[in-house]
Amino acid sequence: MAQPLFLKPVMHEKIWGGNRLAQEYGYAIPSDHTGECWAISAHPNGVSVIKSGPYKGLGLDDLYQKQPELFGNPSTDVFPLLTKILDANDWLSVQVHPDDTYAMIHEGELGKTECWYILSAEEGAEIIYGHQAKSREALADMIRSGDWEHLLTRVPVKAGDFYFVPSGTIHAIGKGIMILETQQSSDTTYRVYDFDRKDADGNLRELHLSQSIDVAHIGQPQNSTPVTLKIDGMTSTLLVSNAFFAVYHWKVTRSVTMQQTAPYLLVSVIDGQGHLTVDNGVFCIRKGDHFILPNTVRNWRFDGPVEMIVSHVGER
Ligand code: ZN
């Protein structure tokens, strides 16, 4: 019988992390500086494990290799996406990620295009989204002289906002924000500025200025334009669609039957509590759950009220 694949997330402590992954989402966290929940991940730095069913105990990386039919027999051997929830109790570093070509040459892994659905934001919360330098020379000068005030573009955010952050975008998530991030499966970050903060041992975190200047795009990033479709029982908003991923916000108010049109879907429940019915199996789903609807699941029903962020691989 085809089944959804429920996943156990991996928590990562960060100097900017907090305790809201426990308070808001009910996860077991290692400390009050927990910054990242790697919810759906096959990246070697934090692999999710299947929680139940016939593949219980297997890592998502292993499952992707051993049971390719669950993923529509993909042509790549690396699971391409990574879903995280972040708790920014303080500013993350100002950073930039390389594209696939640069990352493969210099880091031996995928580049990182990412996007953020803002789950919650304190009054006055801001992100950094792009920069004001008009040329690579000006960017290098402003970075090397630390002219952050004039360089970085600050944008106020609120719950429900969405930002597309292609590789090459200088960015930072601000204090008091929780996001659900959908990204390429990569852990390469070039730090531009870290607010001169010291870690628990009194050390500054490493910066990567020359790589950052190499990979940064010049010009403001172009955010996506979400498109909303109302059908009986649910509202579906396509947040972004590109070569790497498509990401949706699904709000199921009553009951909806759906069919698989992608190779497989990554699903994160961000609010509410309801049921997922696949064949004759009924699964309770609630805020904080993460699962994959594999290729073998051809149709299913959701009963709400439940709110989800859903993604699938892009078409290259
Ligand atoms: Zn980033």
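The values are calculated or read from the model by the stated rules, or taken from the named source; none is laboratory data. Everything numeric in this text was worked out from a predicted model, so none of it was measured. Cβ placement follows ideal geometry from the backbone for every residue including glycine, while neighbour counts extend to all protein chains displayed. When the accessible area is computed, the model is the full protein with side chains, heavy atoms only, and any ligands, DNA or RNA have been set aside. Shrake-Rupley method; radii C 1.70, N 1.55, O 1.52, S 1.80 Å.
Using the heavy atoms of the protein chains alone and a 1.4 angstrom probe, what is the accessible area of the chain per residue in square angstrom? List each step's numbers first, then the result.
Details: 14040 Å² over 316 residues.
Ligands and nucleic acids excluded, the figure is 44 Å² per residue.
What is segment 227-313's relative contact order, in percent, from Cα pairs under 8 angstrom and six or more apart in sequence? Before the final figure, lay out the partial values.
On the way: 220 pairs, mean separation 31.3, N = 87.
Relative CO of segment 227-313 lands at 36 percent.
So what's the Cα pair-distance distribution over segment 227-313, bin width 10 Å, in %?
18, 56, 25, 1
Project the alpha carbons of segment 139-260 onto their principal axes and report the range along each, largest first, in whole Å.
Sorted from largest, the Cα extents of segment 139-260 read 56, 34, 27 Å.
At a temperature of 10 °C and a viscosity of 1.306 mPa s, determine how fast the chain diffuses translationally according to Stokes-Einstein, using the Kirkwood radius over alpha-carbon pairs as Rh; express D in µm²/s, rounded to the nearest whole number.
Details: Rh = 20.2 Å.
D = 79 µm²/s.
Using a probe of 1.4 angstrom, how much of the accessible area of segment 227-313 is carbon and sulfur, in percent?
Numbers: 1870 of 3690 Å².
It is 51 percent, rounded to a whole number.
In debye, nearest 20, what is the charge dipole magnitude of the chain about its Cα centre with +1 on Lys and Arg Cβ and -1 on Asp and Glu Cβ, if you could check? Walk me through the numbers on the way to the answer.
On the way: 26 positive and 38 negative charges, 177 e Å.
Dipole about the Cα centre, nearest 20: 840 debye.
Would you mind working out the magnitude of the charge dipole of segment 227-313 relative to its Cα centre, with +1 at each Lys and Arg C-beta and -1 at each Asp and Glu C-beta, to the nearest 20 Debye?
Details: 7 positive and 6 negative charges, 16 e Å.
Using only the charged Cβ atoms, the result is roughly 80 debye.
Per DSSP H run of at least 4 residues, take -39500 (n - 2.57); add these up for the chain, divide by its residues and hand me the 222 nm value, nearest 500 deg cm²/dmol. Before the final figure, lay out the partial values.
Values: 6 runs with 40 residues, N = 316.
So the helix-based figure for the chain works out to -3000 deg cm²/dmol.
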